[in-house]
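Data block below; observations after.
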């Protein structure tokens, strides 16, 4: 049965915890509060990288109970990211979570093909999961953080990564909409060509586990009424579970629009590597960070289908 709310996700993640989580640049109030909530619910135990004096001050001021975390003094965000990735690569951590570090530091280190966390040739990618008021299902959006301007092969990887995450959360056969400005294939809109190719790749078994269609505009991807009015016959149109943005700019804008205009809550994780990397927005409140961490805990140890 598909998970439909973040509270369901947290409860199920409890059955898979506690996991060893490395918190990067941990000297942030909201991240430590989320970590304390995760510890209390049996989701995680922590190693904290950051300014030790600042971390200890925040822990005392907030009366945050993290058990007996290992606290390692590493004020450099870049070096903290490098040490966290090294721990995960050596099997000493199950999950990496970002607190207040610049995301680019952690992404660059983790995505390094030699010293990072890549698992095979496929790229790592971010999958954002949204709980949206009055929506009957979770919505998955990719990629909002890692793949800046993905080519066709990279898009195939991030589509597969998103399908893997949706299936892990109980969506038996996720419907994937490859977004464009229009549902028509137009040689003057290269994104629409990629969308059509991704659909064909799924039909040929190069992307597995989901139903992929595109190009689709956002309205006819999620609204059955819009799809009917436009006469679109598709197994995905109007019922998409996964929305694949053309590039990181479109994906990030879509994610923030869902959050700030639609009142959606977001959980975000980078997948496709040796371990999940939990990447909530640095401005997220503690409950949103907790949802992202629960997502990482629930996905930890999950095996993934590769792009063929």
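The values are calculated or read from the model by the stated rules, or taken from the named source; none is laboratory data. The structure presented is a predicted model; accordingly, all values stated were derived computationally and were not measured. Cβ placement follows ideal geometry from the backbone for every residue including glycine, while neighbour counts extend to all protein chains displayed.
Looking at this structure, is residue 67 modelled with pLDDT of 95 or more, surrounded by fewer than 21 Cβ atoms within 10 Å (Cβ to Cβ), in contact with a helix residue (DSSP H, G or I) (Cβ under 9 Å, 6 or more places away or on another chain) and assigned by TED's automatic domain parsing to the domain that holds residue 290? Break it down into steps so the answer makes sense when it comes.
Working: modelled with pLDDT of 95 or more: no; surrounded by fewer than 21 Cβ atoms within 10 Å (Cβ to Cβ): yes; in contact with a helix residue (DSSP H, G or I) (Cβ under 9 Å, 6 or more places away or on another chain): yes; assigned by TED's automatic domain parsing to the domain that holds residue 290: yes.
No; evaluated as a whole, the condition is false for this residue.
Filter segment 279-292 down to the residues that are over 19 Å from residue 107 (Cα atoms) and outside any loop (DSSP other than H, G, I, E, B) and list them by number.
286, 287, 288, 290, 291
Is it the case that segment 29-51 has a residue that's within 30 Å of residue 137 (Cα to Cα), at pLDDT below 95 and outside any helix (DSSP H, G or I)?
No, segment 29-51 has no match at all.
Mind listing just one residue for me: the one in segment 269-278 that is assigned to a loop (DSSP other than H, G, I, E, B) and surrounded by 24 or more Cβ atoms within 10 Å (Cβ to Cβ) and, of those, nearest to the chain's Cα centre (by Cα)?
To start, the set of residues in segment 269-278 that are assigned to a loop (DSSP other than H, G, I, E, B) comprises 272, 274-276.
With surrounded by 24 or more Cβ atoms within 10 Å (Cβ to Cβ) added as a condition, the list becomes 272, 275-276.
On the way: 272: 10, 275: 12, 276: 9 Å.
In this case the residue turns out to be 276.
Can you find even one residue in segment 42-64 that is closer than 29 Å to residue 253 by Cβ and either under 20 Å from the mean Cα position of the chain (by Cα) or touching a residue at least 60 places away in the same chain (Cβ under 8 Å) (or both)?
If we filter segment 42-64 for residues that are closer than 29 Å to residue 253 by Cβ, which is where we start, we get none.
No.
Residue 89 versus (1) surrounded by fewer than 18 Cβ atoms within 10 Å (Cβ to Cβ); (2) over 20 Å from the mean Cα position of the chain (by Cα): which is the lone unmet condition?
(2)
Return the residue satisfying two criteria in turn: it lies in segment 79-99 and is without any contact (Cβ under 8 Å) to a residue 60 or more places away in the chain and in a loop (DSSP other than H, G, I, E, B), and of such residues it is farthest from residue 174 (Cα to Cα).
The selected residue is 90.
Could you check, for segment 188-211, whether at least one of its residues is at pLDDT 95 or above and under 14 Å from the mean Cα position of the chain (by Cα)?
No, there is no match, as no residue in segment 188-211 is at pLDDT 95 or above and under 14 Å from the mean Cα position of the chain (by Cα).
Could you tell me whether segment 2-21 includes any residue that is under 20 Å from residue 100 (Cβ atoms), in contact with a helix residue (DSSP H, G or I) (Cβ under 9 Å, 6 or more places away or on another chain), in the same structural domain as residue 76 (by TED's automatic domain parsing) and modelled with pLDDT of 95 or more? Working first, answer last.
Applying the first criterion (under 20 Å from residue 100 (Cβ atoms)) to segment 2-21 yields 21.
Applying the additional criterion that residues be in contact with a helix residue (DSSP H, G or I) (Cβ under 9 Å, 6 or more places away or on another chain) yields 21.
From what's left, in the same structural domain as residue 76 (by TED's automatic domain parsing): 21.
This time we only want the ones that are modelled with pLDDT of 95 or more, so: 21.
Within segment 2-21, one or more residues are under 20 Å from residue 100 (Cβ atoms), in contact with a helix residue (DSSP H, G or I) (Cβ under 9 Å, 6 or more places away or on another chain), in the same structural domain as residue 76 (by TED's automatic domain parsing) and modelled with pLDDT of 95 or more.
For residue 146, state whether it is surrounded by 23 or more Cβ atoms within 10 Å (Cβ to Cβ), in the same structural domain as residue 222 (by TED's automatic domain parsing) and at pLDDT below 95.
Working: surrounded by 23 or more Cβ atoms within 10 Å (Cβ to Cβ): yes; in the same structural domain as residue 222 (by TED's automatic domain parsing): yes; at pLDDT below 95: yes.
For residue 146, the condition - surrounded by 23 or more Cβ atoms within 10 Å (Cβ to Cβ), in the same structural domain as residue 222 (by TED's automatic domain parsing) and at pLDDT below 95 - is met.
Against the condition surrounded by fewer than 16 Cβ atoms within 10 Å (Cβ to Cβ) and over 30 Å from residue 117 (Cα atoms), how does residue 236 come out, does it pass?
Working: surrounded by fewer than 16 Cβ atoms within 10 Å (Cβ to Cβ): no; over 30 Å from residue 117 (Cα atoms): yes.
Here the answer is no, as residue 236 does not meet what is asked.
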